[in-house]
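The values are calculated or read from the model by the stated rules, or taken from the named source; none is laboratory data. These numbers come from a predicted model, not from an experiment. Counting neighbours? That spans all protein chains shown, and the Cβs are built from the backbone with ideal geometry, glycine included. The area values use the complete protein model at the heavy-atom level, side chains included, leaving out ligands, DNA and RNA. Shrake-Rupley method; radii C 1.70, N 1.55, O 1.52, S 1.80 Å.
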Amino acid sequence: MASSFNRLAFAVIVACALAACSGSKGDAGSTGLAGPPGPTGTTGGSGGVPNVTTAKSIKALITSVTVAADTKATVKFRLSSEIDLPLRGLPAANIRFTIAELRGGVNGAGSEWRSYATRLDGTAVQATAEAANTTGGVFKDNGDGTYEYTFSKALNAYAPAGASVSGPIAVYDGTLTHRVGLELRSSATALLAASNNAPYTFVPATGSTTVFSTRREIVDNDTCDACHDRLEFHGGPRTDVQYCVTCHNPGTTDGQTGNSVALVTLVHKIHMGVKLTNGFTIIGNGGSVNDFSKIVFPQDQRNCQTCHQESDTDTPDASNWRKVPYSRACGACHDKVNFATGLNHGPATNPGGPATDDQCVTCHGENSTVQNGQLQVAYVHRIPTLEASKKFKYNIISVTNTAPGQTPVVKFSVTDPTNNNAPYNILTNPAFTVAAGGASRFAIDIGWNTANYTNKGSGSATALTGTPSLPISINPLSISGGTPAVGPDANGMFTSTSPLAIPADVTGSIGVALEGHPALDADGDGVVDRIAVTNVFKYAAATGTLTARRDIINVKKCDDCHKQLSLHGNNRTDEPQVCAMCHNPNNTDVNRRAAASGACAVGTKQSPIDLKYMIHAIHNGEKSGYSACGFGNAFVSFADLGYPGKLNNCEGCHITPAANATASYYPVDSAKVLATTVDAGPNRLLPTDDVAWSPNVAICSGCHLTAAAEAHMLQNGGSKTLTKNLDSTTAGGPLETCVLCHGPGRVADVKEVHKIGSFEFSAPANP
């Protein structure tokens with residue numbers, strides 16, 4: 001109507017204008033003939049409510065679910081944009097719903113979700129989501145950002161997809177806990193934007209969303225996304241664990257392999273990966289073969305509480321892992337056990353025999369006294385070496401004599417936090433002496449300077465051999481040819497003095513670290529174990545004011561995936577600042593390329609081990625193909641490493657910046673951060689024959705691997721052919737201009753391009 005009105009008004013104005021030109025002043029003129037009818041106008045808008053296609057991301061919220069007397073369920077929900085504007089115009093074909101009920105566990109088994117809507121995959125039943133354009137369903141767009149959908153069938157009318165199938169199915173009971181979720185799907189770009197599943201849990205008989213007779217809140221999104229950044233499956237729209245369980249329940253089986261895809265089975269088997277006896281394969285969409293037998297979980301699978309966090313108020317049933325043992329849950333990891341026959345149920349010397357779910361709690365329950373409680377789930381999932389590590393703490397008390405020309409003196413102690421911090425005598429205690437089988441190691445490292453470690457003059461290399469740029473290392477133990485520390489004093493403290501002086505040309509500050517490991521038989525199997533202990537560091541000024549090294553990585557974020565990040569034979573543990581002392585811009589793996597033949601033979605192409613390149617390249621291993629030669633001239637390839645998170649989420653590792661602070665994932669100042677050596681040259685003592693990459697090229701090349709990306713970096717001041725001067729700064733190198741486009745607020749701001757702010761659960765509290 002608005003369009004017709006405008007056309008009519010225009011015609012009147014034109015007619016008046018023409019009359020004014022042709023008639024005399026005051027002459028009304030004759031009445032003209034009526035014109036033809038105008039075209040039909042367009043339908044009016046919806047009060048300014050934008051269409052869903054205008055949103056960058058879509059937030060869904062289910063506001064209510066009701067089940068009528070005829071047991072037909074109706075869900076009401078609303079959609080809003082990333083700036084909380086309501087969104088209209090969602091086509092029915094672009095949204096799907098799931099609905100499931102929760103049945104309590106019987107005969108010792110755990111509780112289980114059961115989906116109403118199912119389909120057949122061959123003869124196997126699979127839970128499914130119902131599209132809002134399904135025949136019999138009723139979808140309504142209210143035009144104001146709110147919608148509703150009534151499922152196509154009454155809940156008591158849903159039935160298995162075939163009469164010959166068997167297994168757990170949903171039989172409507174309004175007193176049970178129910179859950180509805182939704183997902184958006186479309187081939188249209190605008191509707192591929194990130195959206196949530198809006199799970200809604202309720203009891204039909206009461207309408208309650210808070211009081212439930214049965215709950216099964218075992219795992220939460222934040223624990224999954226701490227490692228995965230954002231779970232996105234089945235093409236992207238399934239992101240919420242509470243939604244996943246509505247389909248991935250015991251009533252769902254892969255028809256081609258016969259494998260269960262219940263979440264309790266699927267997730268345990270995927271994370272068990274290479275340690276499964278029988279492997280695990282699922283045939284997915286389009287006949288895709290998904291073999292999870294090569295998955296390497298980045299920590300010990302006995303860390304059940306990595307996922308099942310009992311301290312999380314959102315997961316009141318997280319303790320089920322130790323309280324409710326039953327075959328489906330336990331057999332997912334312990335897949336060589338046949339509970340029906342008793343095969344491999346217990347050690348050969350004391351087999352457990354056949355067992356049904358109701359018997360599991362007798363031996364494995366939280367109150368079991370069988371074998372003095374040593375069969376309780378919580379007990380057998382202990383990690384003895386991790387428990388033993390809690391008994392050791394490294395402490396740097398002071399660092400003195402740090403001026404150029406002086407020999408640093410380090411006062412330190414090793415204490416037991418579980419015993420009122422009682423000090424250990426590292427010269428006599430079995431964990432640090434020959435009584436540990438000579439497996440223990442303890443070291444004091446001294447490196448310089450903290451702006452960019454190069455450790456020039458540390459004595460780690462000669463012109464032709466050794467490793468460039470390692471720090472001074474002191475062995476204060478009485479074993480392995482060490483120089484015994486002086487002490488202990490009355491407070492249990494020791495003192496060690498560096499065998500080398502700080503070189504005369506060192507400026508700035510030095511770093512001092514305690515690393516290494518005690519050794520003992522932690523699990524009583526007669527084999528000595530290396531006990532990883534968190535490394536510590538301290539800074540001291542060589543000249544001028546003390547300057548700490550830049551702090552950009554939060555090890556808590558590393559441990560979201562790794563639990564305890566311990567490398568180099570459990571010597572370097574949970575402290576990136578210690579790693580940086582050796583993994584510095586002047587170092588490569590050249591000293592490990594000393595094998596007689598093979599990938600690590602003398603003279604083979606070196607790999608940079610500078611932390612700022614190496615970490616990015618390792619986590620992008622599948623694409624970067626990064627490899628290096630390690631201890632014993634062993635070739636280590638990361639080409640099969642699949643990173644479980646999102647590579648564009650820099651805050652998965654980097655410290656989240658404080659208010660008004662510049663994040664550490666932005667381009668660095670190439671005048672302040674050293675270039676990364678990729679070839680140490682013929683003379684390992686001098687950096688002047690090194691071949692190096694400019695710093696931002698090194699940082700970004702770990703992930704951005706295309707020829708176009710490299711050309712872009714080189715065209716904007718980067719280089720892969722730099723040389724270094726005696727101070728290790730780049731000689732004649734161009735100036736990287738990355739910050740002009742990729743800095744804060746710029747046209748290609750790293751934060752915006754990487755969509756860093758969209759990862760809700762990836763950033764735990766900073767230290």
What nm distance separates the two modelled labels at Ala658 and Lys623, each placed 7 Å from Cα along Cα→Cβ?
3.4
Please work out how much length the chain gains when fully extended from Leu705 to Thr135, using 0.36 nm per residue of separation minus the C-alpha to C-alpha distance, in nm with one decimal.
200.4 nm
At 0.36 nm per residue, and after removing the present C-alpha to C-alpha distance, how many nm does the segment from Thr214 to Asn425 gain when stretched out fully?
70.6 nm
Of the heavy-atom accessible surface of the chain (probe 1.4 angstrom), what whole percent is carbon and sulfur?
55
Working out 0.36 nm times the residue gap between Ala504 and Lys275, then minus their Cα-Cα distance, what length gain in nm do you get to one decimal?
77.1 nm
Taking a cut-off of 21 Å between Cα atoms, list the lysines near Lys605, but don't count ones fewer than 8 places away on the same chain.
Lys623, Lys720, Lys724
For the pair His234 and Leu85, what calculated FRET efficiency results from E = 1/(1 + (r/R0)^6), where r is the Cβ-Cβ distance and R0 = 35 Å, to the nearest 0.05?
0.80
For the range 225-287: accessible area per residue (Å², 1.4 Å):
40
Can you tell me which of 706-712, 447-453, 643-649, 68-74 comes out highest on packing, and rank the rest after it, using the mean Cβ neighbours within 10 Å?
447-453, 643-649, 68-74, 706-712
Neighbours of Leu714 by Cβ distance under 15 Å: Lys/Arg at +1, Asp/Glu at -1, summed charge -1
Given a Förster distance of 30 Å, the FRET efficiency implied by the Cβ-Cβ spacing of Ala403 and Asn683, rounded to the nearest 0.05, works out to 0.55
Given points 7 Å out from each Cα along the Cα-Cβ axis, report the Asp312 to Leu740 separation in nanometres with one decimal.
4.6
Between beta-carbons, use under 10 Å as the cut-off and find the net charge around Asn535, counting Lys and Arg +1, Asp and Glu -1.
-3
Using the heavy atoms of the protein chains and a 1.4 angstrom probe, tell me the accessible area per residue for the range 650-748 in square angstrom.
49
Å² per residue, accessible surface of the range 102-145 at 1.4 Å:
46
Per DSSP helix of 4 or more residues, -39500 (n - 2.57); summed, then divided by the residues of the chain. What does that give at 222 nm, rounded to the nearest 500?
-4000 deg cm²/dmol
Debye, to nearest 20: dipole size of the chain, +1 on Lys, Arg Cβ, -1 on Asp, Glu Cβ
660
For a Förster distance of 45 Å, can you work out the FRET efficiency between the beta-carbons of Asn107 and Thr74, rounded to the nearest 0.05?
0.80
At 7 Å along the Cα-to-beta-carbon direction for both Asp525 and Thr497, put a label point, then send me their distance in nm to one decimal.
4.5
For Rg and Dmax of the Cα atoms in Å, one of [x] 29.8, 86; [y] 27.3, 84; [z] 33.3, 123 was computed from the structure I shared and the rest are decoys. Which label?
[z]
